[in-house]
Amino acid sequence: MALFKKIMTWARVKSPWIIHFNTGACNACDIEILASLTPRYDLERFGILLKGTPRHADVLVCSGPVTLQTKDRLIRIYEQMAEPKFVVAVGTCACSGGAFQGCYCVRGGIDSVIPVSAYIPGCPVRPEAIIDGVVKLLGSLKS
Amino acid sequence: MAKVVVPIGPQHPALKEPASFTLFLEGERVAAANVALGYNHRGVEKACEQRTYIQDIYLIERVCGICSHSHSTAFIQAVEEIAALEIHKRAAYIRSVIGELERIHSHLLWLGVAGHELGFDTLFMYSWRDREIVMDLLAMLTGNRVNYGINTIGGVRRDIVKEQADETLKAVDVLEERTKYYIKVATEESTLIARLANVGKLSKEDVVRFGATGPTARAAGIGKDIRHDDPYAAYTDVTFNVITDDHADVLGRTIVRVKELMESYSIIRQLLKKMPDGPISVKAPRKIPEGEAVSRYEAPRGEDFHYVRGNGSEKPERVKVRAPTLANLAAISHMIEGGYLADVPIVIAAIDPCFSCTDRMLSINGLDKGMESLMDWESLRNYSIEWYKTNRGIDMNKINALR
Amino acid sequence: MQIMERTEIILNDLCKAFSFLEGHANIQRQRRIFAEIPDEKRASIKEILRYLRDNMKFTFLCTITGLDIGDNFQVIYHLADDGGILINLKILTPRSKPVIESVTSVFEGAVFYERELKDLLGIEVNGLPPGRRYPLPDGWPEGQYPLRKDWHQAEEEGAEKKS
């Protein structure tokens, strides 16, 4: 069982599949996430692949404060992911609600709804910081 | 009519998702389309009443992460008008330089997104690579890639020094050269033209009927541009062309945007060359008197409209924000109806909508087949790319390999 | 022609066409006209909009702003012409029973703006085309109108308070 776990960890660390979900963001962080996939920053060199469905994803990358409208969908996506799964909150809004704290349609940061593994603050987060955060998460997966 | 819910995408089979777009199909054509949005509603206008004007600048910037300066400037102009505050010309020039840089990054972003929707990923990579030049400039001038925080009541918070102006001019030269390629692609690349021509048609009459604005309106030959019609900031001091096109379709909207880039380069050069000396801000009161003002701004997507009412305190009585996408939304159903399902992604993308990709859930109803299914954006995009390959022989991979 | 001159001409034309606006319309600055439609003439808003659209080239409805001003709600229709002139028409509707007529038959784009008035201020709009609510989420509780001055966050969480 220990060998199997080691192989799975290796596979996950070598090529984590990511699903990206915007829970009500202004789009700035989403664009920086996309930008980090373009050649200049090239997140893909870490073997990271952007997937469309939660069923095959290891990492859920979330941007935006959780709005009342997206809360349920966020929970559903999280529940559809197979264990072990990790959640990355990208941007100050995802970390805490950011500038929208206290707005009547905003619940709060991602962790007000689902558990978060890594927080990457920024408004928006620079692509370098996204890469840094994701690499740190991968590093912690190894152990 | 028996309805079967066939969910495609990240949602639980038993629960029905509220769809952003509901399409009713007859065969492969869209017979009727309903648009319903609201995922991004956070409650900004109410929050504005509970915060001070200065705090509101930072909140309003974040209404949209692509045209944040548009919102910030539109808001602050209204506030300054209520307070009868006249800013120095230098501040107006700086606001305009940032505004044009924002337009450039936004149009390049759009070009990449449009390319991606079509399967023309090479265009996505090129335009976003070029866009990084603009992001670097914005970071140099304002300290951030987005949400620049450059505005304050009475002017701007940072000056543009000579070295920065020189950097900017050099970068604009590079961008102008690269943009010539995009104009060539939009006007001469037959595969792309075949894909975009006659798609998402919106006639001149319909632009007026539905109240469309920005490149969507200009692509139908209507020369509406707030920088020209109701000038603000430094636009009375520069000369530029209002770019229009007569295709009145997605191809037209593409051509308008790439040609507008050239105008923006010219405007920035004029602004930096003529920038007057002077203070970058004037002293502003914390309490804004009773009064009201309307402010209009030509954002990359079209007219951004702000209404502000002051009540003599540090906090506004009312702030109303009408982003350009909302004005263009009324026309969307009309543009999609009568067209192919395969055209939906690019038609929606062509108004350059300001809502996130994952919000765009579509409910597809086959009127003749009695079937209803839920589709996510990615699936529809893939369907669209395949459809055009199979039915029209338009294969984006042919041009993905070019250059 | 100077812009101020044009603005003045438009104001004059507006008051000539609708004499009850005389004394209730003013120029705030060049390109900005504000007019308050007297209460008893409130129902004429659609007629004024149609006239402005068809006879004075005010073909663009920028948006409709709703405000809570206490005993009344104020609704402002912002119209623009190609020359960048803006006419802002204000009507009042009582808080005790806020109702207005839809203007979608004159400006189709008004539909989203009117839905906002309904959702956020609780103003009834007669003749509003059917469709999903905007912008509040589907589960939003009945009778809770966030833009009203007496609406506070706590109410949304279920506390029983007068709206």
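Since every read-out is calculated from the coordinates, none of them should be taken as a lab result. Since we're looking at a predicted model, the values are computed, not measured. Please note: Cβ atoms are built from the backbone with ideal geometry, for glycine as well, and neighbour counts cover all protein chains shown.
Calculate the tail of P(r) for the range A:83-128: the fraction of all Cα-Cα distances greater than 18 Å, expressed in %. Could you put the intermediate results ahead of the total?
Values: 299 of 1035 pairs.
For the range A:83-128, the share of Cα pairs beyond 18 Å comes to 29 percent.
Could you check how many percent of all C-alpha pairs in chain A are farther apart than 23 Å? Intermediate results must be reported in sequence, preceding the final value.
Numbers: 3103 of 10153 pairs.
Looking at chain A, the distances longer than 23 Å represent 31 percent of pairs.
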> Quick one: which of B:46-58, B:152-164, C:139-151 comes out on top by average Cβ neighbours within 10 Å, and what's the full order, highest first?
Replying inline: B:46-58, B:152-164, C:139-151
> So what's the angle, to the nearest 10 degrees on a 0 to 90 scale, between helix B:68-82 and the longest Cα principal axis of chain B?
Replying inline: 40
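Need one number: the % of Cα-Cα pairs in chain C sitting beyond the 27 Å mark.
On the way: 3905 of 13203 pairs.
I get 30 percent for the Cα pairs in chain C exceeding 27 Å.
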> the range B:222-301 to the range C:22-54: how many Å between their Cα centroids?
Replying inline: 28
>> Based on the alpha-carbon set only, what is the convex hull volume of the range C:1-66 divided per residue, in Å³?
In response: 100
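Among B:70-77, C:4-11, what's the highest-first ranking by average C-beta atoms within 10 angstrom per residue?
On the way: B:70-77: 27.5, C:4-11: 15.8.
With the highest mean Cβ count within 10 Å placed first, the list reads B:70-77, C:4-11.
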> Given springs between every Cα pair under 10 Å in a Gaussian network model of chain A, which of A:25, A:99, A:57 has the largest fluctuation?
Replying inline: A:99
> Roughly how many nanometres apart are two label points built 7 Å out from the Cα toward the Cβ at residue B:391 and residue B:58?
Replying inline: 5.1
> Rounded to the nearest 5, what % of the DSSP beta bridges within the range A:18-138 are antiparallel ones?
Replying inline: 10
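Taking 2.2 N^0.38 Å as the expected size of a compact globular protein, what ratio does the Cα radius of gyration of the range B:48-323 give against it, to two decimals?
Details: Rg = 18.9 Å, N = 276, 2.2 N^0.38 = 18.6 Å.
Relative to the 2.2 N^0.38 Å estimate, the range B:48-323 comes out at 1.01.
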> In terms of modelled amide H atoms, which long-range or inter-chain residues lie less than 5 Å from the amide H of residue A:27?
Replying inline: B:65
> Any idea what angle helix C:110-121 forms with the longest principal axis of chain C, computed on alpha-carbon atoms, 0 to 90 degrees, nearest 10?
Replying inline: 40
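Report the Rg/Rh value for the protein assembly as shown, based on alpha-carbon coordinates and the Kirkwood definition of Rh. Mind showing how you got there, number by number?
Details: Rg = 25.1 Å, Rh = 26.3 Å.
That ratio is 0.95, to two decimals.
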> Relative to the first principal axis of the alpha-carbon coordinates of chain C, what is the inclination of helix C:3-17, with its axis defined by its Cα atoms, in degrees from 0 to 90 and to the nearest 10?
Replying inline: 80
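State whether the range B:144-215 is rounded, prolate or oblate according to the following rule on the C-alpha gyration tensor (a ≥ b ≥ c being the square roots of its eigenvalues): a/c under 1.5 gives rounded; otherwise a/b larger than b/c gives prolate, and the remaining case gives oblate. It would help to have the intermediate numbers written out before the result.
Working: a/c = 3.89, a/b = 1.52, b/c = 2.56.
Cα axes put the range B:144-215 in the oblate bin.
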